[in-house]
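Below is one structure, written out as structure tokens; comments come after it.
All of the numbers you see were taken from the coordinates with simple rules; none came from a lab. Predicted model only: the values in this text are computed from it and were never measured. Cβ coordinates were reconstructed from backbone atoms using ideal geometry, including for glycine residues, and neighbour counts include every protein chain displayed.
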Amino acid sequence: MRAFPHAKMKFGQLFYEHHGLIAKKRGGAVHIMTTVQTYQLKGTVFAAQACSCSCEPCVCGDHCPCQGADAYLGPRWRFIGDTLSAGQSSGRDLTGRTLLNLALNSAEKATDWNEVILIDDQAIPDQVGALLQVFEGSQGSEVAHPHRVPSASRPVYLVPMQYTITGRPTLVVTFSLSRSRLVRGDPSQPFFKEWTYDGPVALVQDLSQWRQ
């Protein structure tokens with residue numbers, strides 16, 4: 001049966017309650033029980049996209065109206081990410097973890113967006129599962145529409161990735177065939193393309209303000 005999420009605020013963090021419905025049969029009658037999982041998350045939602053406008057970084061969406069945006073040439077990329085300074089899900093500590101919803105296309109005006117989820121390679125399997133449980137069903141890569149989630153299941157990779165704040169928020173990530181490890185997806189599918197980023201990101205909102 002479908003689970004229904006509810007979010008509430010407490011002490012400046014996001015407490016996200018996941019209500020699951022479980023049916024148990026007792027003496028010929030079916031009893032519906034509700035289970036609650038609470039995610040306590042503290043951190044930041046960030047984003048960026050390929051563009052040549054002066055926003056640096058741009059988060060205007062796929063059709064940026066800013067001056068200079070038309071000068072961009074080449075394949076495009078876009079991402080929405082989450083970095084956790086503290087938090088847990090189902091008893092699993094997620095402090096220090098970073099997740100990235102990334103999309104790449106093959107050419108400047110191509111519509112063949114290839115959607116993947118990247119997680120920093122210091123995450124252990126339990127943390128990967130917990131991060132996907134919290135974010136996968138409620139975030140996509142479209143910076144203007146963060147809650148627009150791709151309908152198809154996305155491959156998940158562990159990659160070298162670090163989010164830092166040294167004067168301004170910065171993301172360093174390498175998505176390459178040699179340095180990425182597929183943890184969910186079809187290994188027979190060809191690797192779409194390699195991508196690296198070392199630059200600033202825009203702070204979309206604090207996780208305490210984010211609604212799943």
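The charge dipole of segment 42-206, taken about its Cα centre with unit charges on the Cβ of Lys, Arg, Asp and Glu (plus for the first two, minus for the last two), comes to roughly 140 debye.
Compared with the alpha-carbon gap, the fully stretched path from S151 to R168 is longer by 2.7 nm at 0.36 nm per residue.
Kindly put T95, T111, T174 in sequence by how many other C-beta atoms sit within 10 Å of each C-beta, fewest to most.
Working: T95 12, T111 8, T174 17.
Ordered by Cβ neighbours within 10 Å, fewest first: T111, T95, T174.
Going by neighbour counts of Cβ atoms within 10 Å, the residues C64, C55 line up, fewest first, as C55, C64.
Expressed in nm to one decimal, what extension gain is obtained for the pair I124 and A110 from 0.36 nm per residue of sequence separation less their Cα-Cα distance?
1.5 nm
When each of K109, K193 is scored by the number of other beta-carbon atoms lying within 10 Å, the sequence from fewest to most is K109, K193. What is segment 42-206's relative contact order, in percent, from Cα pairs under 8 angstrom and six or more apart in sequence? Relative contact order comes out at 23 percent. Using 0.36 nm times the number of residues separating F192 and Q209, minus their current alpha carbon distance, what extension gain do you get? Here the segment from F192 to Q209 would lengthen by 2.7 nm. Simple rule: put +1 on each Lys or Arg Cβ and -1 on each Asp or Glu Cβ in segment 42-206, find the dipole, and look at A86, G61, S176; the Cα lying farthest toward the positive end is A86. A crude spin-label estimate for the pair D70 and R184, with each label 7 Å from Cα along the Cβ direction, gives 4.2 nm.
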